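Here is the structure we will look at, set down as structure tokens.
The values are calculated or read from the model by the stated rules, or taken from the named source; none is laboratory data. Computed from a prediction, not measured in an experiment: that's the story for all the values here. Here Cβ is always computed from backbone atoms with ideal geometry, including for glycine, and neighbour counts include all displayed protein chains. These area figures cover heavy atoms from the full protein model, side chains too; ligands, DNA and RNA do not enter into them. Shrake-Rupley method; radii C 1.70, N 1.55, O 1.52, S 1.80 Å.
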Amino acid sequence: MSTTTTPERVDERLVRTSPWKKLLGRPELGSVIGAIAVFIFFVIFADSFLRPTSLATVLYASSTLGIMAVPVALLMIGGEFDLSTGVLVTSSALISSMFSYQMTANTWVGVGVSLLVTLAIGVFNGVMLTRTKLPSFIITLGTFLMLTGLNLGFTKLISGTVSTKSIADMEGFDSAKKVFASTFTIGGVDFKITIIWWLALVLVATWILLRTRVGNWIFAVGGDLDAARAVGVPVNKTKIGLYMGVAFGAWISGQHLLFNYDVVQSGEGVGNELIYIVAAVIGGCLITGGYGSAVGAAIGALIFGMTSKGIVYAEWNSDWFKFFLGAMLLLATLLNAWVRKRAEASK
């Protein structure tokens, strides 16, 4: 009489994973490869690209984009979009400037009011999304159009022109500028404080995604909404919180815009929302949600910064920039898809 033995099952969590498989599983792998390729490309074709001042300029351009790309990436991991981000940055700056000027208040009062209003707009987007069940594309497109009109209408109504009045001589301006638009020097090279804001947001966002329960919720609602709700994930609160995170990034960017240039043009920001999404996608975020990282979005912003300034240093026609941006988007999407398939196949 023969006996058959059933193979013992091994818990997948106890199976050792090789470093190569772990590397393939990282969503930012494709963006790292792309960043290295872009860096080498401009080192070869732009003689001044490696100068310390040039690299500082690249980091500044990357940081102004990355401050928004990071919270946008978290929102995309959660399965949603926000098409109002570009004009929301301008709205934040306009509110701060006009409130301070009209109320003849300390500029920090305007900064505080701007934070509250900007976060309220984020809450509005999140609540409208969760209550109406409409696609985020429609909700935030409506917000985009309303903010575009409000930015122009209120600015012309209050200032009589399409730009705000100068607040450079008001109390609190200098201290606010130190926080949002100052410059610090390392090794004789000047760097903008937005780089610090950018890196801080990357660290906080990465900690949230990988070390907190909220991070698990974000991945869950973006991966499978119904399954997340079934296991008790607070879906609505998570989505509202993500929109508030985007609004917070817009507030930081808006205050930098104001205190760096003193005045704000009401028509600025239109179109930037697409660049933020491109940076997140280049960084490994999937359009369908549930996959991506804050580090990848930061690297996507760095690729954007290197490309935008590298074209200038190479003395090429800047009209070609959008072509390069579109090409990078397609190549990054294809590379990210390939990396993810290899990672899933190697499990």
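Take the Cα atoms of region 227-347, find their three principal axes, and give me the spread along each one in whole Å, biggest first.
In descending order, the Cα extents are 51, 34, 19 Å.
Can you compute the modelled spin-label distance between VAL214 and LEU145, with each label point 7 Å from Cα toward Cβ, in nm?
It is 3.3 nm.
Return the carbon/sulfur percentage of the accessible area of region 72-159, one whole number, probe 1.4 Å, all protein chains in place.
Result for region 72-159: 78 percent of the exposed heavy-atom area is carbon or sulfur.
I need the peptides 250-256, 54-60 ranked by packing, meaning the mean over residues of other C-beta atoms within 10 angstrom, with the highest value on top.
Output ranking for 250-256, 54-60: 250-256, 54-60.
Would you mind working out the magnitude of the charge dipole of region 46-205 relative to its Cα centre, with +1 at each Lys and Arg C-beta and -1 at each Asp and Glu C-beta, to the nearest 20 Debye?
240
Return one quarter of the surface area of the convex hull spanned by the alpha-carbon atoms of region 99-174, equal to its mean projected area, in nm². Don't skip to the answer; put the middle values down first.
On the way: hull surface 23.0 nm².
Spelled out: convex hull of the Cα atoms, projected over all directions, averaged, 5.8 nm².
Provide the packing ranking of 227-234, 240-247, i.e. peptides ordered by the mean count of other C-beta atoms within 10 Å per residue, highest first.
240-247, 227-234
How much accessible area per residue does the chain have, counting only protein heavy atoms and a probe of 1.4 Å, in square angstrom?
About 51 Å² of surface per residue is accessible.
Quick check of the Kirkwood formula: for region 213-254, what is the inverse mean of 1/r over all pairs of different Cα atoms, in Å?
Taking every pair of different Cα atoms in region 213-254, averaging 1/r and inverting gives 10.8 Å.
State to the nearest 20 debye the size of the charge dipole of region 184-343 about its Cα centre, where the only charges are +1 on K and R beta carbons and -1 on D and E beta carbons.
Details: 11 positive and 8 negative charges, 148 e Å.
So the magnitude is around 720 debye.
Tell me, in nm to one decimal, what length is gained between LEU134 and ALA105 on full extension, where the rule is 0.36 nm per residue of separation less the Cα-Cα distance?
Gain on stretching LEU134 to ALA105: 6.4 nm.
Students often get this wrong, so check it: of LYS177/LYS322; LYS178/LYS239; LYS133/LYS192; LYS239/LYS341; LYS239/LYS309, which have C-alpha atoms separated by over 30 Å?
Violating the 30 Å limit, Cα to Cα: LYS177/LYS322; LYS178/LYS239; LYS133/LYS192; LYS239/LYS309.
Rounded to the nearest 0.05, what FRET efficiency do PHE45 and ILE196 have when you use their Cβ-Cβ distance and R0 = 45 Å?
0.90
Using DSSP to define loop residues, name the chymotrypsin sites (Phe, Trp or Tyr not before Pro) in region 64-162 whose beta-carbon has at most 10 other beta-carbon atoms within 10 Å.
On the way: sites: PHE81, PHE99, TYR101, TRP108, PHE124, PHE137, PHE144, PHE154; in loops: PHE81.
Answer in residue order: no site qualifies.
Only Cα pairs within less than 10 Å get springs; with that Gaussian network setup on the chain, which residue of GLY66, GLY283, GLY153 has the largest fluctuation?
Ranking GLY66, GLY283, GLY153 by mean-square fluctuation puts GLY153 first.
Could you tell me which residue out of SER97, LEU152, ILE44 lies farthest along the dipole of the chain toward its positive end? Charges go on the beta carbon: Lys and Arg +1, Asp and Glu -1, centred on the Cα centre.
Looking along the dipole axis, the top candidate is ILE44.
Among LYS177, LYS156, LYS309, whose mean-square fluctuation peaks in a Gaussian network model of the chain (Cα, cutoff 10 Å)?
LYS156
Quote the accessible area belonging to LEU199 in square angstrom, nearest 10, computed with a 1.4 Å probe and with ligands, DNA and RNA left uncounted.
Rounded to the nearest 10, the figure is 90 Å².
Of the candidates LEU334, LEU74, LEU129, which one comes out as most mobile in a Gaussian network treatment of the chain with C-alpha springs shorter than 10 Å?
It is LEU334.
Over what distance in Å are the Cα centres of region 262-282 and region 141-169 separated?
16
Taking the Cα centre as origin and putting +1 on Lys and Arg beta-carbons and -1 on Asp and Glu beta-carbons, what dipole magnitude results for the chain, to the nearest 20 debye?
Charge dipole of the chain: 940 debye, to the nearest 20.
Residues in region 272-307, backbone N under 19 Å from the label point at ASP226 (7 Å along the Cα-to-beta-carbon vector): list them, ranges by number please.
288-290
So what does the Cα-only Debye profile of the chain read at q = 0.07, 0.09, 0.13 Å⁻¹, as log10 I(q)/I(0), no solvent term?
These q points yield log10 I(q)/I(0) values of -0.33, -0.53, -1.04.
Looking at GLY249, VAL109, VAL221, which one has the Cα that reaches farthest to the positive end of the dipole of the chain (charges on Cβ: Lys, Arg +1; Asp, Glu -1)?
Of the candidates, VAL221 comes out farthest on the positive side.
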